[in-house]
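See structure below.
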Amino acid sequence: MLRRISRCVRKRMVYGFGEAGTAALIYVADTAANYRLIMNYIKSIQDMGMRVKSLGFFETKTRPAFVNENPGWYYCHKADFGLNMKIKNEEVIAFAHDEPDLLIDLSPPDFLYTKYLAGVSRAHYKVGMFDTSQVDIYDLLLEVRANTSLQDLMKHISHYLQIIKKPVSDA
């Protein structure tokens, strides 16, 4: 698994909300309330003019009733991964091979499947919660308290991505 992550080739660039044209979100669809928060966050990013794709992970074998079908919104379950974490779902493979400007991971730092997806993603700039085992996956890590709500995490991510400006070359 770690070998596959380390072999992931991507074009690293710094992107904030001002420069990014595309974004991808990874999250855990665990409750209807969190799902609604994430859908509102996606809408706010789309309102900035970005194209957004999302990948929600759910732990139940069947898709929860609160999960909506929308173009560009994909869902997966642990059955979509083999024992060696090889992805078996074509939509998830396509999501991982896409090259969005930003990847925002809203999942908990100890959630193996979403961290693997973030690691193999070819996104140019990756944002996630800080964990010492994941410093090689992300370009921007946010250290937040363990009890930080999803809504507060999204506010922190938005705050920093609004501040970040692409470096200007002196050419």
- Message: Given a 10 angstrom Cα cut-off, can you work out which residue in Thr22, Thr114, Thr62 is the most mobile in a GNM of the chain?
- Response: Thr62
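Compute the longest continuous run of the chain that contains no exposed GluC sites (Glu not before Pro); treat a site as exposed when its DSSP state is not H, G, I, E or B and it has at most 10 other Cβ atoms within 10 Å.
Longest run free of exposed loop sites: 70-142.
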- Message: What distance in nm separates the two pseudo spin-label positions at Arg63 and Met85, each 7 Å out from Cα along the beta-carbon direction?
- Response: 2.6 nm
- Looking at the square roots a ≥ b ≥ c of the eigenvalues of the Cα gyration tensor of region 2-163, which shape do they give, rounded for a/c under 1.5, prolate if a/b is larger than b/c, or oblate? rounded
- So for the pair Ser158, Ala94, with labels modelled 7 Å out along Cα→Cβ, what separation do we get in nm? 2.9 nm
- Query: What spacing in nm lies between the two simple spin-label points modelled at Thr148 and Asp131, each 7 Å away from Cα in the Cβ direction?
  - Reply: 1.4 nm
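What does DSSP give for region 2-163 in terms of the percent of beta bridges that are antiparallel, rounded to the nearest 5? Each step should come with its number before you reach the end.
Values: 1 of 22 bridges.
Once the DSSP bridges in region 2-163 are tallied, antiparallel ones form about 5 percent.
FYI, it's all coordinate maths here, none of it is from the lab. Since we're looking at a predicted model, the values are computed, not measured. All Cβ positions, even for glycine, are placed from backbone atoms using ideal geometry, and neighbour counts span all protein chains on display.
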